[in-house]
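A short reminder: the numbers here are calculations on the coordinates, not readings from a lab. All values reported here derive from a predicted model rather than from experimental measurement. FYI the Cβ positions are ideal-geometry reconstructions off the backbone, even for glycines, and counts take in every protein chain you see.
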Amino acid sequence: MKVSQVIPILRIFDEAKALEFYVGWLGFTIDWTHRFDDNAPLYMQISLNGIVLHLSEHHGDSTPGAKVFIECEGVREFHKELNEKQYKYNRPGLQTEPWDSISVTVVDPFMNRLVFNERLHTDTE
């Protein structure tokens, strides 16, 4: 088996709140949206710097409260940028982790958590 990409599906309940959080605050862009009709639940893809997420209002797609762990670089800068925006509903901290990393955890309006994790040392150091 060869995996080309893993895309988490996160449950959302309110399109406006999801857009405010993911696009307005975190800086994701909307790649595409889909509805079977005007009165159907939203399904959409968003992305940011190589992170791809699917957000779904469909009741069977996922359960609120998921956690997505994202290995990345530039966590300190991302943390600073998020807090400078002074988002009313979330002011994340910068955590030093026991696994020689720093992380920033954000919680969306639907209790899904995104953990942005940066290793402080690599195996070659």
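The table for this structure:
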item: Value of [θ]222 nm, deg cm²/dmol, for the chain, DSSP H segments ≥ 4, -39500 (n - 2.57) each, nearest 500; result: -3000 deg cm²/dmol
item: Degrees between helix 75-84 axis and first principal axis of the chain (Cα, 0 to 90, nearest 10); result: 60
item: Centroid-to-centroid separation of the range 56-86 and the range 1-18 [C-alpha atoms, Å]; result: 11
item: Label-point separation in nm, Thr96 to Asn49, each point 7 Å along Cα→Cβ; result: 2.2
item: Per DSSP, loop trypsin sites (Lys or Arg not before Pro) in the range 24-125 with at most 14 further Cβ within 10 Å; result: Arg35, Lys85, Lys88
item: Fraction of beta bridges assigned by DSSP in the range 9-119 that are antiparallel (%, nearest 5); result: 70
item: Proximal lysine pairs, the chain, alpha carbons under 24 Å, eight or more residues apart or interchain; result: 8
item: Label-point gap, in nm, between Lys67 and Ile9 - each point 7 angstrom along Cα→Cβ; result: 2.2
